[in-house]
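As C-alpha cells, the structure follows; a few thoughts come after it.
Rule-based calculations on the coordinates, nothing more; no lab input. These numbers were taken from a predicted model, which means no experiment stands behind them. Here the Cβ positions follow ideal geometry from the backbone for every residue, glycine too, while neighbour counts run over all protein chains shown.
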Amino acid sequence: EAQVTQNPRYLITVTGKKLTVTCSQNMNHEYMSWYRQDPGLGLRQIYYSMNVEVTDKGDVPEGYKVSRKEKRNFPLILESPSPNQTSLYFCASSFGLAYYNEQFFGPGTRLTVL
Amino acid sequence: AQKITQTQPGMFVQEKEAVTLDCTYDTSDQSYGLFWYKQPSSGEMIFLIYQGSYDEQNATEGRYSLNFQKARKSANLVISASQLGDSAMYFCAMRVVGGATNKLIFGTGTLLAVQP
C-alpha cells in the first residue's frame with residue numbers, strides 16, 4: 001500500500017530533551033515536506049526537500065532540523081524542544097514539483113512539550 | 001502575496017442537504033493547483049478533490065464538486081447529500097509552479113458539523 005508513515009504518532013516530552021520524528025514514504029517520491037498545524041493558522045511549512053541531500057527552509061524553520069540521506073526518509077529533529085513547538089506535525093510527499101502533483105500526507109504526530 | 005482565505009470558521013448542515021464551503025485565493029501565477037482536504041477528529045489529512053488553473057470544467061469526485069470561478073479567484077467545495085461522517089475540518093490549499101518551496105499554501109479551515 002502506497003503510504004507516508006510517521007512515528008511516533010503521539011509524544012509528550014519536556015523542554016530541552018532532543019527528539020526525532022521519523023517520516024518514511026514508499027512511493028519513490030522526490031519531494032518531501034514537513035508542516036505544523038496550529039489552531040487558527042492552518043498548516044505551515046517547516047522544511048522541505050527536493051531530493052536526497054537537498055533540503056531548505058520553509059516558513060517556520062526556527063528550532064527544527066531535517067536531513068535527507070535516503071530518498072524514502074525525511075526525519076524532523078528538534079534538538080532543544082520548547083513549549084511553543086507543541087503542535088500537530090505532518091510529513092508529506094509528492095512525486096514531483098509541479099503544481100498539479102498531489103501531496104500525500106502522513107497520519108500526523110501530536111507533540112506536547114512541557 | 002499568495003494566500004488562501006476561508007471565511008467560514010464553522011458551519012452547520014442538516015443531514016442529506018448540500019453545503020458549500022467557501023475558498024478564495026490570491027496569486028499572480030498563471031499555473032496553480034487548488035486542493036481540498038478533509039481532516040476528521042482523528043487528525044489525518046484526507047485528499048478530496050483537485051482543480052488545475054487551466055481546467056475548464058469543474059472537478060467532481062463522487063459527492064464532492066469544486067465550483068471554480070477563475071475570474072473571482074474562488075474555489076468553493078460543494079458537498080452534496082451530507083452525511084454524518086462528513087463532520088470534520090476542511091482545508092482549501094493552493095500549490096503554485098515556480099514557488100520557491102513548492103509548498104501547499106493552506107487556509108485556516110472550516111469546521112463542518114452535520115446534524116441528524
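When the P(r) of chain A is calculated, the portion above 18 Å amounts to 45% of the C-alpha pairs.
Taking B:G52, B:G43, B:G33 as the candidate residues, the one with maximal mean-square fluctuation in a Gaussian network model of chain B, Cα springs under 10 Å, is B:G43. Volume per residue of the convex hull around the Cα atoms, evaluated for chain B, comes out as 96 Å³. Loop-located trypsin sites (Lys or Arg not before Pro) in the range A:9-102 (DSSP state not H, G, I, E or B) with no more than 13 neighbouring Cβ atoms inside 10 Å: A:R9, A:K17, A:K18, A:K69. Altogether, the Stokes-Einstein calculation at 20 °C and 1.002 mPa s, with the Kirkwood radius of the protein assembly as shown over Cα pairs as Rh, returns a diffusion coefficient of 118 µm²/s. Modelled label positions at A:N51 and B:S80, each set 7 Å beyond Cα in the direction of Cβ, lie 4.4 nm from each other. One quarter of the surface of the convex hull around the alpha-carbon atoms of the range B:1-59 equals 5.6 nm², the direction-averaged projected area. Averaging Cα coordinates gives a centre for the range B:60-94 and one for the range A:54-106; these two points are 27 Å apart.
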